[in-house]
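Asker: The structure follows.
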Amino acid sequence: MSSLSSYSILSQLEEQSPSDHDTFKEDLPLKEIPGSYGLPFIGAIKDRWDFYYNQGRDEFFRARMTQYNSTIFRSNMPPGPFMAKDPKVIVLLDAASFPVLFDMTKVEKKDVFDGTYMPSTGFTGGYRILSFLDPSEPKHKALKGYFLSVLASKHDNFIPLLRKSLTELFKTLESQLSSKKEVNFNPISDTYAFEYVFNLFCGKSPKDTVLGSGGNTTVDTWLVPQVVPLITLGVPKLLQLVEDLLIHTFPIPPFLVKSKYNKIYQAFSTSATEILDQAKSFGIEKDEACHNLIFLTCFNTYGGLKVLFPSLFKWVGRAGPTLHSQLAHEIRTIAKQEGGVTFAAIEKMVLTKSVVYEVLRIEPPVPFQYGHAKTDLVIQSHDASFKVKKGEMIFGYQPFATKDAKVFEDPEKFVPYRFMGKAEENLKYVFWSNGRETEDPTVDNKQCAGRDLVVLMARVLLVDFFLKYDTFTCSDEVFLVGTKVTFKSLTKASNGV
Ligand code: HEM
């Protein structure tokens, strides 16, 4: 492919000015928030069953949005009894209201990282980890400042270390595909994503620690009980009641995974000494820093990549060979011009960048965001205003907010060039990091501390892939909180650099 046909689309996009839905509109009618919580206990169980079994996630929200003719309504959110004290929330489904969750003067983000319930601090050494702290708590500032500084100090290692792990990832994928008709991408992705993040923060391979070669499986054992109340394993109808009782009704006690967690702690505390030594200057004791570093590496980063890497291949795979050759052309041409895969080179890869943002828009890896109203406030959808009382729980279902037809044309369609040219301004409606993509994480907000690293990792994954391969085919299916991707074919680069 000699020219990027997407560039002609780019010129059309230049003329399309991004819509603006951000200002408070005085003239919108004030309405009562529709919806109901039903009878105590029974209403919450009914909503939980609708969410997991009777309707499923998207249909749960779509049905209520249609029934109430509103993108803002009341509902219970799972897991509910007996895990969550109070399952009642106000649901936000549009791009106009959703950003209230980023406004730290309006919402409190204390202990809401997992939603209406909080896993025991027994999973994290007895500490309330950074992700569970509100910016008004002094510890939040100290810990976030510490990790932003750690990330800045690792900047030069981001690309080379990732490329090292990706080389192994692709080698394994290729070798398995040479002997099998199809290969499950997820376990390979998990192995090398963990290898990368551990190496980045601990300076060595997890294989060279007490974790040995199954490091990521040990981490999975610790992760699962914390997130399992939020998922269904997709069991047959006859087993739904059993599943609901086992994973949605009572929390899984942390002692069951204590020995695994102790092993993880040992690996981090003996390997990440350089980073842990820096904690003191931020007023944080080494033990607390280590538990936080484990959460940041294993939950925030590795947990996020378990969803993001397969999701990238799902959407790029579905888009087909035309997009593949456009990406390969852009990536190879610019890498050659710039003398390699550098920050500067990647910055020039406009299609690659847009593809990553489009994946993050169409399928945000963390779909749920929560916050308690700090004061009485007014929330606006595109067409009405609603009063919310202090203390009420506000919940945003992000996949609907970032597929809002009032903001994005053809919102359900994967449009690789959606954020090229002037349309880049629409990045303000991309919310995956718990903040607008046009704003930055700080010690005073709750935006993902690894925002830039995540976007970089996704870009480097595509860059390295299309330096090596011309095209590929895969299938995808829903799997726990994300996607399972099965590779069917890989075509090696005919003119790679
Ligand atoms: C695909 C990967 C990732 C995704 C999808 C993701 C997503 C998110 C989201 C949605 C939140 C906000 C949750 C909330 O409060 O509602 C968050 C918070 C956070 N993330 Fe990420 N993240 C990823 C990777 C990372 C990485 C690489 C790091 C750092 C190395 C990181 C560090 C954090 C921290 C520290 C917070 C809490 C921020 C605060 O308390 O102010 N995350 N992340």
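Asker: Taking the chain on its own, what percent of its Cα-Cα pair distances exceed 37 Å?
Answerer: Details: 35008 of 123256 pairs.
Beyond 37 Å sits 28 percent of the P(r) for the chain.
Asker: Now a separate question. Just to confirm the filter: which trypsin sites (Lys or Arg not before Pro) across segment 354-397 are DSSP coil and have at most 12 other Cβ within 10 angstrom of their Cβ? Present the calculation step by step, with values, prior to reporting the outcome.
Answerer: Working: sites: Arg361, Lys374, Lys387, Lys389, Lys390; in loops: Lys374, Lys389, Lys390.
In loop regions of segment 354-397 (DSSP not H, G, I, E or B), the sparsely surrounded trypsin sites (Lys or Arg not before Pro) are Lys389, Lys390.
Asker: Which GluC sites (Glu not before Pro) in segment 435-492 sit in a loop by DSSP (not H, G, I, E or B) and have at most 16 other Cβ atoms within 10 Å of their own Cβ?
Answerer: Numbers: sites: Glu437, Glu439, Glu477; in loops: Glu437, Glu439.
Answer by residue number: Glu439.
Asker: With Cβ to Cβ distances under 11 Å as the rule, what net charge do the other residues near Leu143 carry (K, R +1; D, E -1)? Mind showing how you got there, number by number?
Answerer: Numbers: positive: Arg128, Lys139, Lys141, Lys144; negative: Glu137, Glu288.
Residues near Leu143 contribute +2 overall.
Asker: Turning to a different aspect of this structure: For a label point 7 Å from the Cα of Thr270 along Cα→C-beta, name the residues of segment 205-228 whose backbone N is under 19 Å from it.
Answerer: Backbone N within reach: 205-219.
Asker: How big is the antiparallel share of DSSP beta bridges in the chain, given as a percent to the nearest 5?
Answerer: Of the beta bridges lying entirely in the chain, close to 80 percent run antiparallel.
Asker: Given Cβ point charges of +1 (Lys, Arg) and -1 (Asp, Glu) and nothing else, what value in debye, to the nearest 20, does the dipole of segment 350-454 about its Cα centre take? Provide the component values of the computation, followed by the final result.
Answerer: Working: 15 positive and 16 negative charges, 46 e Å.
With Lys and Arg at +1 and Asp and Glu at -1, about 220 debye.
Asker: Which links in Lys109/Lys141; Lys110/Lys263; Lys286/Lys446 stretch past 25 Å when you go from one Cα to the other?
Answerer: Working: Lys109/Lys141 14 Å; Lys110/Lys263 29 Å; Lys286/Lys446 23 Å.
Distance filter (> 25 Å) returns Lys110/Lys263.
Asker: Among all the lysines, which ones have a C-alpha under 21 Å from Lys46's C-alpha, if same-chain residues fewer than 8 places away are not counted?
Answerer: Those lysines meeting the cut-off are Lys85, Lys88, Lys237.
Asker: Related question: Which value does Rg/Rh take for segment 61-114 over its C-alpha atoms, Rh per Kirkwood? Walk me through the numbers on the way to the answer.
Answerer: Numbers: Rg = 12.6 Å, Rh = 12.7 Å.
Rounded to two decimals, Rg/Rh equals 1.00.
Asker: What whole number of Å gives the distance from the Cα centroid of segment 90-152 to the Cα centroid of segment 287-360?
Answerer: Taking the Cα centre of each part, segment 287-360 and segment 90-152 sit 25 Å apart.
Asker: Using a Förster radius of 60 Å, what is the FRET efficiency between Ser259 and Glu26 based on their Cβ-Cβ separation? Nearest 0.05, please.
Answerer: Numbers: r = 59 Å, r/R0 = 0.99.
It comes out at approximately 0.50.
Asker: Could you name the aspartates and glutamates in cross-link range of Lys492, using Cα to Cα under 18 Å and dropping any fewer than eight places away on the same chain?
Answerer: The qualifying aspartates and glutamates are Glu168, Glu174, Glu182, Glu330, Asp464, Asp470.
Asker: Please give me the summed charge of the neighbours of Val228: other residues whose Cβ is under 12 Å from its Cβ, Lys and Arg +1, Asp and Glu -1. Before the final figure, lay out the partial values.
Answerer: Numbers: positive: none; negative: Asp114, Asp220, Glu243, Asp244.
Overall, the nearby charge balance is -4.
Asker: Would you calculate, for the chain, the mean residue ellipticity at 222 nm contributed by helices, counting each DSSP H stretch of 4 or more residues as -39,500 (n - 2.57) and dividing by all residues, to the nearest 500? Let's see the in-between values first.
Answerer: On the way: 17 runs with 206 residues, N = 497.
-13000 deg cm²/dmol, from helical runs alone.
Asker: Still on this structure, please answer the following. Test of the criteria: in segment 180-280, which chymotrypsin sites (Phe, Trp or Tyr not before Pro) are in a DSSP loop and have at most 11 other Cβ atoms within 10 angstrom of their Cβ? Let's see the in-between values first.
Answerer: Details: sites: Phe185, Tyr192, Phe194, Tyr196, Phe198, Phe201, Trp222, Phe255, Tyr261, Tyr265, Phe268; in loops: none.
Hits after loop and neighbour filter: nothing returned.
Asker: Please work out how much length the chain gains when fully extended from Lys46 to Gln176, using 0.36 nm per residue of separation minus the C-alpha to C-alpha distance, in nm with one decimal. Kindly include the intermediate steps, with their values, before the conclusion.
Answerer: Values: separation 130, 0.36 × 130 = 46.80 nm, distance 4.47 nm.
Residue separation times 0.36 nm, minus the Cα-Cα distance, leaves 42.3 nm.
Asker: Ok, one more. Taking segment 344-439, how many lysine pairs are there with alpha carbons less than 20 Å apart, if each pair must be eight or more places apart or span two chains?
Answerer: 15
Only the coordinates and a few stated rules stand behind these numbers; no lab work does. Computed from a predicted structure; not experimentally measured. Quick reminder, even Gly has a Cβ in these numbers, built from the backbone with ideal geometry, and neighbours come from all protein chains shown.
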